[in-house]
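*Asks:* Encoded as structure tokens, here's the structure I'll be asking about.
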Amino acid sequence: MAELSVGDQLLMLRTLERLRDTQVAERWLRMRRFAELPLVALCHPDLVSIRERPAVPNFAGQLPDLAWVLECLQPYLAKRWIDVEENKTRIAEVEHMQRLGATQTALLNAFLSAAAQAGRRDLARFLLVSLQQLISIEVAPEVWARRWIRDLRLGAMRLAERTIVYQSASSFLAIAAQLRGWAEECRRVGYLDEGYAAAQLWLADWARYDGENVTLRAAAMVRALSP
Amino acid sequence: MSRAYRVRVEERLQRIVRAEDHVSCQLELLEILPCDQMSQLLADELIKLGFKVEGETATRKEKDVTISVDLPSATVVVQAATDKQLDLKSAKVKNIYDNQQLVAETKARLQAEAHKELAALGDQAESLLQRQVTDQLEAKLGDIRKELEGAANRATAAALKQRAAQLGQIKSISEDPEAGSLTIVVEV
């Protein structure tokens, strides 16, 4: 199968949205080439997680072509990741949670690495937006974190096994630590250094979406779920 | 004349089911002073929290939960264990008509069914007990962690004061327990 163009990928994305929850979509998603499309995986991590092993797109190779699309899709990406996390709070099956957590971790690690390398941290803005919406500042972190695991059917699992499941549940929250690391790196970029403007853009987003408080809260929630 | 036979079987299962779970982690204890002195400072703080120190281990038992701290490595093991006496009964009844030869066969079958049912109930009780123990352990971990982290912080603060005293004359010490900050002014 030839490499798909950006337009083709957008078409695949829109078609998947219309066919969501049908057998056609399920068959497509089981095809590695389809599940590895960057736009499909990034917009629908919950759907691509039906695969046994996470399909990780080649973000590094395709980011230059997809950057303008990702800029336009920022609000959509934020909404999608908020929906995925809200639905995660209702997951009962342990295996489902583990597959989704593994997919999210693999996807975001690859995406963030590619974005940082390309000097396009701004393309991860949707993550700051999502975290700000998902994390409550009023409720204590250890209480708020329980939302992600309250419906899980843990049966007679021992604590060590539960810990692994909880890590999957908090996989998106755990990404906050990387974003925090970006903020620290950006603060060290001097006025005359290369990438100063991009660093300042990230810091502006960081301040706008209350990155400091939100990521501290996210870290506290992850700790609360790690015995 | 037709005859009816009533086959009745009663089985009983008595056993003790045990459930156990544990978790271990490491306290963050900076090596400000030599290991044996840091261990002693940690031991002093743990004694204030009701721990008993024997050799290089501090232990505290509360109901079904035991907390052990290995002082040199600051490794904590929290273990919850409990057991329960099970006394389960199963009764099976079946009526057989006009066939006395089937009585023995039916009795054997009913006994097998009763054994299977009791085994399943026993396993269910064991699973439930395991879940209760793990839930109990998980519920207590948050409070235990805060307590032990507090003890480690206080031991670290004590170590810093001792170290500062070794470096020179302490002019002032100010502590903010809420913020977790300690400022020591030393004249060298």
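*Asks:* Across peptide A:206-212, how many C-beta atoms of other chains are within 10 Å of each residue C-beta, on average?
*Replies:* Numbers: counts 0, 0, 0, 0, 0, 0, 0.
What the average comes to for A:206-212 is 0.
*Asks:* Could you give the spread of the C-alpha atoms of region B:20-74 along their three principal axes, from largest to smallest, in whole angstroms?
*Replies:* The principal-axis extents, from largest down, are 36, 20, 17 Å.
*Asks:* Sort out for me the Cα centre separation of region B:88-166 from region A:25-77, rounded to whole Å.
*Replies:* 43
*Asks:* Per DSSP H run of at least 4 residues, take -39500 (n - 2.57); add these up for the protein assembly as shown, divide by its residues and hand me the 222 nm value, nearest 500 deg cm²/dmol. Mind showing how you got there, number by number?
*Replies:* Working: 17 runs with 238 residues, N = 415.
The helix contribution divided over the protein assembly as shown gives -18500 deg cm²/dmol.
*Asks:* Nearest 20 debye, what's the magnitude of the dipole of region A:1-126 about its Cα centre given +1 on Lys and Arg Cβ and -1 on Asp and Glu Cβ? Please list the in-between numbers first.
*Replies:* Details: 17 positive and 16 negative charges, 11 e Å.
Result for region A:1-126 is approximately 60 debye, rounded to the nearest 20.
*Asks:* Explain nothing, just the number: dipole magnitude of chain A about its Cα centre with +1 on each Lys and Arg Cβ and -1 on each Asp and Glu Cβ, in debye rounded to the nearest 20.
*Replies:* Details: 29 positive and 27 negative charges, 125 e Å.
Dipole magnitude for chain A comes out near 600 debye.
*Asks:* What percent of all Cα-Cα pairs in region B:136-188 falls in each 5 Å bin, counting up from 0?
*Replies:* Pairs per bin, as whole percents: 4, 18, 22, 18, 12, 9, 7, 5, 3, 2, 0.
*Asks:* OK, next. In whole percent, what relative contact order does chain B give with Cα contacts below 8 Å and a gap of six or more residues? Display every interim value, and only then the final one.
*Replies:* Values: 283 pairs, mean separation 56.9, N = 188.
Relative contact order of chain B: 30 percent.
*Asks:* Hey, another quick one. Distance from the Cα centre of region A:90-168 to that of region B:31-46, in angstrom?
*Replies:* A separation of 37 Å, based on Cα centres.
*Asks:* May I ask you to give the average projected area over all directions of the convex hull of the Cα atoms of chain A, in nm² rounded to one decimal? Could the numbers behind the result be given before it?
*Replies:* Working: hull surface 51.9 nm².
That works out to 13.0 nm², a quarter of the Cα hull's surface.
*Asks:* Now for a different question. Of the options A:S136, A:L107, A:H96, report the single residue whose Cα projects farthest towards the positive end of the charge dipole of region A:85-145 (beta-carbon charges: Lys, Arg +1; Asp, Glu -1).
*Replies:* About the Cα centre, the residue reaching furthest to the positive side is A:L107.
*Asks:* Now, a different point. Take the alpha-carbon positions of the protein assembly as shown, form their convex hull, and give its projected area averaged over all directions (one quarter of the hull surface) in nm². Before the final figure, lay out the partial values.
*Replies:* On the way: hull surface 131.9 nm².
Across all orientations, the protein assembly as shown yields a mean hull projection of 33.0 nm².
*Asks:* Quick check on the exposure proxy: order A:F34, A:F111 from fewest to most C-beta atoms within 10 angstrom. Write out the running numbers ahead of the final one.
*Replies:* Numbers: A:F34 19, A:F111 23.
With the fewest neighbours first, A:F34, A:F111 line up as A:F34, A:F111.
*Asks:* When N is the residue count of region A:129-227, what does its C-alpha Rg come to as a fraction of 2.2 N^0.38 Å?
*Replies:* Numbers: Rg = 16.5 Å, N = 99, 2.2 N^0.38 = 12.6 Å.
Dividing the Cα Rg of region A:129-227 by 2.2 N^0.38 Å gives 1.31.
*Asks:* How much net charge surrounds B:K52 when only the other residues with a Cβ under 11 Å from the Cβ of B:K52 are counted, with Lys and Arg +1 and Asp and Glu -1? Walk me through the numbers on the way to the answer.
*Replies:* Values: positive: B:R60, B:K61; negative: B:E54.
Cβ neighbours under 11 Å give a net charge of +1.
*Asks:* Moving on. Please state, to two decimals, what the Cα-based radius of gyration of region B:74-143 comes to when divided by 2.2 N^0.38 Å (N = residues).
*Replies:* On the way: Rg = 21.1 Å, N = 70, 2.2 N^0.38 = 11.1 Å.
Dividing the Cα Rg of region B:74-143 by 2.2 N^0.38 Å gives 1.91.
*Asks:* Applying the Karplus parametrisation 6.51 cos²θ - 1.76 cosθ + 1.60 with θ = phi - 60° to the phi angles of region A:109-120, what ³J(HN,Hα) value in whole Hz is obtained for each residue in order, glycine and proline being reported as x?
*Replies:* Running phi through 6.51 cos²θ - 1.76 cosθ + 1.60 with θ = phi - 60° gives 4, 5, 5, 5, 4, 5, 5, 5, 5, 7, x, 10 Hz.
*Asks:* Highest mean first, what order results for B:83-89, B:53-59 on Cβ atoms within 10 Å? Kindly include the intermediate steps, with their values, before the conclusion.
*Replies:* Working: B:83-89: 12.3, B:53-59: 14.1.
Put in order of decreasing packing, that is B:53-59, B:83-89.
*Asks:* Enter the mean number of other protein chain beta carbons within 10 Å of the beta carbon of each residue in A:148-160, as an integer. Walk me through the numbers before you get to the answer.
*Replies:* On the way: counts 0, 0, 0, 0, 0, 0, 4, 5, 13, 4, 10, 11, 5.
The shielding value for this peptide is 4.
*Asks:* Give me the Kirkwood hydrodynamic radius of region A:101-172 in Å, from all C-alpha pairs, to one decimal place?
*Replies:* Numbers: mean 1/r = 0.0700 Å⁻¹.
Every distinct Cα pair counted, the radius reaches 14.3 Å.
*Asks:* In terms of the ratio Rg/(2.2 N^0.38 Å) built on C-alpha atoms, what value belongs to region A:66-149?
*Replies:* 1.20
*Asks:* Please arrange B:K107, A:K88 by how many other C-beta atoms lie within 10 Å of their C-beta, fewest to most.
*Replies:* Details: B:K107 16, A:K88 24.
Ascending Cβ contact count within 10 Å gives the list B:K107, A:K88.
*Asks:* Shifting gears a bit: Once you have a ≥ b ≥ c as the square roots of the Cα gyration tensor eigenvalues for region B:90-188, tell me rounded if a/c is under 1.5, and otherwise prolate or oblate according to whether a/b is larger than b/c. Please report the intermediate quantities before stating the final value.
*Replies:* Working: a/c = 15.85, a/b = 7.01, b/c = 2.26.
Prolate shape, in that a/c is at least 1.5 and a/b is the bigger ratio.
*Asks:* Within the P(r) computed for chain B, what percentage of the Cα pairs occupies the region above 22 Å? Mind showing how you got there, number by number?
*Replies:* Details: 11417 of 17578 pairs.
Value for chain B: 65 percent of Cα pairs lie more than 22 Å apart.
*Asks:* Express the relative contact order of chain A as a whole percentage, based on alpha carbon pairs under 8 Å and six or more residues apart in sequence. Please report the intermediate quantities before stating the final value.
*Replies:* On the way: 259 pairs, mean separation 48.0, N = 227.
After rounding, I find 21 percent.
Just so you know, all these numbers are worked out from the coordinates, no wet-lab data involved. Since this is a predicted model, take the numbers as computed values, not measurements. We place every Cβ from the backbone using ideal geometry, glycine too, and count neighbours over all the protein chains shown.
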